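Undergrad: Please find one structure pasted underneath; my questions will follow.
The values are calculated or read from the model by the stated rules, or taken from the named source; none is laboratory data. Quick caveat, the model's predicted, so the values are computed rather than measured. Using ideal geometry, Cβ is built from the backbone for each residue, glycine included, and neighbour counts are taken over all protein chains shown. Accessible surface is based on the protein model in full, side chains and every heavy atom, while ligands, DNA and RNA are left aside. Shrake-Rupley method; radii C 1.70, N 1.55, O 1.52, S 1.80 Å.
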Amino acid sequence: MSVSLPPTGRPVTARSATAGPATAGPATAVSPETVPAAAFRVDAGRWPDVARLPKASAVRTAAARLIVRRALAGLPLTVRFRDGTTLGRGGPVMRVYAPGALYRRVGAGGLIGFGESYMAGEWVAEDLVGVLTVLADHAAALVPRPLQRLRGVWALKQPAARRNTPEGSRDNISHHYDLSNDLFALFLDETLTYSSAVFPALPATHELLPAAQRRKIDRLLDLADVGAGSEVLEIGTGWGELAIRAARRGARVTTVTLSTEQRELAMRRIAEAGFEDRVTVLLRDYRRVSGSYDAVVSVEMIEAVGEEFWPEYFATLERLLAPGGKVALQAITMPHDRLLASRNTYTWIQKYVFPGGLIPSVDAIEQITAARTGLRVTRSDGFGAHYAETLRLWRERFEGRAGQVDALGFDLTFRRLWSFYLAYSEAGFRSGYLDVRQLLLTAGEGPRGTR
């Protein structure tokens with residue numbers, strides 16, 4: 001990161017990259033999970049849509065109030081308001097300090113407003129994952145069915161500026177992955193692996209995380225038959241751990257990323273591991289890669305492709321695959337009916353965390369590959385519970401190192417954003433709304449008999 005981007009809450013100055021985990025430091029006295037709005041001021045320069053309430057008609061705000069209160073009243077939650085009233089059927093506690101602001105935000109922006117209300121401190125929860133898991137469990141029924149059928153009228157649409165064209169993808173990836181290598185090093189383990197681990201047993205501990213991340217990588221490389229002499233393409237470098245492990249097997253690896261910060265640190269780690277002669281790290285869009293590879297591997301990158309470009313993504317994988325080669329993907333997935341219902345909706349995650357992103361379903365992957373390529377999904381292994389544990393460990397470390405996050409130049413609103421993001425994601429996996437899968441794709445008969 002070289003410049004300040006105030007709307008994201010990034011620090012004003014760039015920070016040096018670290019190659020390993022940071023040492024734990026004291027947390028600040030302010031906990032992002034429980035601090036109400038009155039306890040801090042939101043920086044309007046960095047967070048304009050959080051610092052100021054949105055414009056919303058009295059009708060929309062009143063409708064949102066009815067919908068929110070109706071939904072909360074029927075959930076296994078305990079919702080406590082400042083005036084002493086309570087809603088819910090009992091369960092994790094959600095404290096609402098500014099109900100009027102919450103209703104107005106939801107009326108104007110739906111679930112984006114709900115997340116922004118948390119960022120603003122208008123509602124809090126000591127067990128944030130518990131509250132969000134309940135909401136994820138009941139996601140399909142939170143909005144009345146008649147309004148669900150009118151989603152196209154009231155739901156916000158994804159901005160055209162966030163389309164994942166080659167140029168747009170670079171901006172979208174930079175928004176998240178170029179925040180600061182030091183920030184990611186604060187909560188990731190020594191492998192700097194930012195995707196689901198596979199543990200030997202659950203629940204997991206921090207001490208088991210590095211080995212569990214390497215186990216995940218090895219399973220994916222085994223799925224693609226990566227070994228000595230293999231020509232491997234990795235789409236989405238991360239910080240280089242998969243490339244290092246593939247090179248250690250004797251493979252030659254070309255790995256591509258759109259993050260300048262990730263590329264810099266990945267190249268350093270690869271050189272320190274002694275594999276710079278076996279691994280080439282390119283700052284390049286996957287669509288502009290050439291060559292022929294025995295194995296194409298990618299870990300949780302398809303979520304950043306965008307539905308519009310899924311056909312081109314899989315066609316590119318097929319184009320780059322040598323005869324007899326294999327594609328091994330790790331992908332976060334959602335149920336197909338939820339994808340169909342929400343794919344055109346602009347979400348809080350897309351606005352604040354992963355611009356342009358969309359989680360696919362396994363059905364969508366199978367339909368697109370069958371219709372547009374000769375690739376077929378021949379194996380699919382799910383381990384969503386392991387992602388929930390991975391996210392819990394990241395969140396605990398992130399929140400426990402609040403002082404160090406502050407020292408990097410990030411503010412309390414940013415910490416509330418990231419606590420919400422990590423908890424929101426964990427809740428998705430704990431509820432079963434989300435899954436993560438390792439998929440093997442191999443070449444079969446093409447849609448037009450081309451194979």
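Undergrad: Identify the single condition in (1) at pLDDT 95 or above; (2) open to solvent by less than 40 Å² (accessible area, probe 1.4 Å); (3) hydroxyl-bearing (Ser, Thr, Tyr) that Tyr424 does not satisfy, given that it satisfies every other one.
TA: All conditions pass for Tyr424, except number (2).
Undergrad: Something else: Mind telling me which of the residues Ala17, Ala101, Ala44, Ala64 ends up being in a loop (DSSP other than H, G, I, E, B), open to solvent by less than 50 Å² (accessible area, probe 1.4 Å), at pLDDT 70 or above and of a type in the set (A, V, I, L, M, F, W, C)?
TA: None of the other options fit; the residue is Ala44.
Undergrad: Select from the stretch 104-155 the residues that are at pLDDT 95 or above and among the charged types (D, E, K, R) and list them in ascending order.
TA: Arg104, Arg105, Glu116, Glu122, Asp127 - these are the residues of the stretch 104-155 that are at pLDDT 95 or above and among the charged types (D, E, K, R).
Undergrad: So, Pro335, is that one surrounded by 22 or more Cβ atoms within 10 Å (Cβ to Cβ), in contact (Cβ under 8 Å) with a residue 60 or more places away in the chain and within 30 Å of Trp418 (Cβ to Cβ) or not?
TA: Against the criterion (surrounded by 22 or more Cβ atoms within 10 Å (Cβ to Cβ), in contact (Cβ under 8 Å) with a residue 60 or more places away in the chain and within 30 Å of Trp418 (Cβ to Cβ)), Pro335 does not qualify.
To keep it simple, each residue is scored yes or no on (1) small (Gly, Ala, Ser); (2) in contact with a Lys or Arg (Cβ under 8 Å, 6 or more places away or on another chain); (3) surrounded by fewer than 18 Cβ atoms within 10 Å (Cβ to Cβ); (4) touching a residue at least 12 places away in the same chain (Cβ under 8 Å).
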| site | (1), (2), (3), (4) |
| --- | --- |
| Ser292 | yes, no, yes, yes |
| Glu300 | no, no, no, yes |
| Val305 | no, no, no, yes |
| Phe314 | no, yes, no, yes |
| Leu340 | no, no, yes, no |
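Undergrad: Any residue at all in the stretch 72-80 that's farther than 17 Å from Asp137 by Cβ, modelled with pLDDT of 95 or more and in contact with a helix residue (DSSP H, G or I) (Cβ under 6 Å, 6 or more places away or on another chain)?
TA: No, the stretch 72-80 has no match at all.
Undergrad: Would it be correct to say that Asp83 is over 18 Å from Gly428 (Cα atoms) and either in contact (Cβ under 8 Å) with a residue 60 or more places away in the chain or of a type in the set (Asp, Glu) (or both)?
TA: For Asp83, the condition - over 18 Å from Gly428 (Cα atoms) and either in contact (Cβ under 8 Å) with a residue 60 or more places away in the chain or of a type in the set (Asp, Glu) (or both) - is met.
Undergrad: Quick one: in the stretch 279-290, of everything that is under 23 Å from Gly229 (Cβ atoms) and in contact with a Ser or Thr (Cβ under 6 Å, 6 or more places away or on another chain), which residue is surrounded by the fewest Cβ atoms within 10 Å (Cβ to Cβ)?
TA: That would be Thr280.
Undergrad: Let me ask something else about it. Name the one entry in Glu276, Glu241 that is touching a residue at least 12 places away in the same chain (Cβ under 8 Å) and open to solvent by 10 Å² or more (accessible area, probe 1.4 Å).
TA: Glu241
Undergrad: Among the residues of the stretch 400-420, how many are in contact with a Lys or Arg (Cβ under 9 Å, 6 or more places away or on another chain) and open to solvent by 40 Å² or more (accessible area, probe 1.4 Å)?
TA: The number of residues fulfilling the criteria is 1.
Undergrad: Residues that are under 22 Å from the mean Cα position of the chain (by Cα) and among the polar types (S, T, N, Q), at least 1 per element: which helices (runs of 4 or more DSSP H) completely within the stretch 187-302 meet that?
TA: 209-223, 260-272
Undergrad: Hey, any hits in the stretch 360-378 for a residue that's open to solvent by less than 50 Å² (accessible area, probe 1.4 Å) and assigned to a strand (DSSP E or B)?
TA: Yes - at least one qualifying residue is present in the stretch 360-378.
Undergrad: Another one. Is it the case that some residue within the stretch 347-356 is at positive phi, of a type outside the set (S, T, N, Q) and in a strand (DSSP E or B)?
TA: No, there is no match, as no residue in the stretch 347-356 is at positive phi, of a type outside the set (S, T, N, Q) and in a strand (DSSP E or B).
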